[in-house]
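The values are calculated or read from the model by the stated rules, or taken from the named source; none is laboratory data. Please read these numbers as outputs of a predicted model, since none were measured by experiment. Virtual Cβ from ideal backbone geometry, glycine too; neighbours counted across all protein chains shown.
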Amino acid sequence: MRRLKIILGVIAAATLLGLVHVLLPSQHNPFRRPDLTEPMGLATYGKLTKLKRDERLCRQVLSAAGVEYSILPADEAETSCRLAETLVLERSLTPYNATPLRMSCHQMAALYVWERNIARPQAEKLFGSPLRQIETYGTFSCRNIAGTATRSQHSYANAIDIAAFVLEDGRRISVQDDWRARDRSGKYLKRLHKGACRLFSVTLGPDYNAAHADHFHLDMGRTEACE
Ligand SMILES: [Zn+2]
């Protein structure tokens with residue numbers, strides 16, 4: 001009798017888990033395949049993190065989302081910053097002012113999700129104007145974190161510095177000028193920073209230190225920070 005109860009209990013638990021798996025929307029379900037076009041949810045960060053360990057899956061989900069990229073072979077030329085095979089962003093949802101943007105696959109995936117769910121819809125919501133361009137200081141750069149002996153995530157093509165946003169109506173919102181503004185521009189930048197913290201491993205802005213007074217640093221490295 002006791003054994004029967006245990007068996008029935010196991011069947012009930014398995015059925016319940018199966019139901020949760022089927023009914024839980026994919027963005028909240030860490031066991032579902034990553035999909036960069038689904039809304040953000042409880043499992044989004046975990047799924048983006050999973051892409052760090054699965055390059056093949058990462059490239060598949062980027063392509064499935066319509067992100068266009070080319071593949072750069074491993075680069076040993078810069079001896080202090082040897083790079084494994086990386087991607088170059090060809091086309092995302094929003095044009096960038098600087099090219100080429102060389103990035104790891106998972107960094108490109110997080111950037112796409114941020115554009116899609118935060119940067120673009122918030123521009124429409126706060127200004128009623130689509131986002132025309134994102135201004136960046138670049139991605140790959142063989143250097144240390146300013147003032148330290150530690151390699152920056154930029155030296156692994158695993159980070160991007162973002163300085164400003166240009167809207168279709170001509171308005172330009174820059175981290176340097178508008179971060180502390182008590183208007184829609186300030187609110188826009190705060191929302192973008194907060195949203196980035198839900199997607200990237202590290203999000204740094206002007207409140208972090210003077211070196212970030214004019215840009216957001218977003219990376220998918222091993223540490224985690226939201227400042
Ligand atoms: Zn940076």
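In the set Ala98, Ala12, Ala74, only one residue is in contact with a strand residue (DSSP E or B) (Cβ under 7 Å, 6 or more places away or on another chain) and without any contact (Cβ under 8 Å) to a residue 40 or more places away in the chain; that residue is Ala74.
Residue-by-condition table, conditions (1) within 22 Å of Leu36 (Cα to Cα); (2) within 14 Å of the ligand (Cβ to nearest atom):
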{"site": "Phe127", "(1), (2)": "no, no"}
{"site": "Ile134", "(1), (2)": "yes, no"}
{"site": "Phe140", "(1), (2)": "no, yes"}
{"site": "Gly170", "(1), (2)": "no, no"}
{"site": "Arg180", "(1), (2)": "no, no"}
{"site": "Ala196", "(1), (2)": "yes, yes"}
{"site": "Val202", "(1), (2)": "yes, yes"}
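Trp114 satisfies every condition listed in (1) within 13 Å of the ligand (Cβ to nearest atom); (2) within 16 Å of the chain's Cα centre (by Cα) except (1). Checking the condition more than 30 Å from Leu42 (Cα to Cα) and either away from the ligand (no atom under 15 Å from the Cβ) or touching a residue at least 12 places away in the same chain (Cβ under 8 Å) (or both), which residue from Ala157, Ala146, Ala210 passes? Result: Ala146 is the single residue among Ala157, Ala146, Ala210 that is more than 30 Å from Leu42 (Cα to Cα) and either away from the ligand (no atom under 15 Å from the Cβ) or touching a residue at least 12 places away in the same chain (Cβ under 8 Å) (or both). Restricting Gly66, Gly41, Gly46 to those that are in a loop (DSSP other than H, G, I, E, B) and loosely packed, with under 15 Cβ neighbours inside 10 Å reduces the list to Gly66.
Rundown of residues vs (1) under 19 Å from the mean Cα position of the chain (by Cα); (2) at pLDDT 95 or above; (3) more than 17 Å from Asn97 (Cα to Cα); (4) not assigned by TED's automatic domain parsing to the domain that holds Val88, yes/no style:
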site: Gly147; (1), (2), (3), (4): no, no, yes, no
site: His154; (1), (2), (3), (4): yes, no, yes, no
site: Ala157; (1), (2), (3), (4): yes, no, yes, no
site: Ile162; (1), (2), (3), (4): yes, yes, no, no
site: Gly170; (1), (2), (3), (4): no, yes, no, no
site: Pro206; (1), (2), (3), (4): yes, yes, yes, no
site: His217; (1), (2), (3), (4): yes, yes, no, no
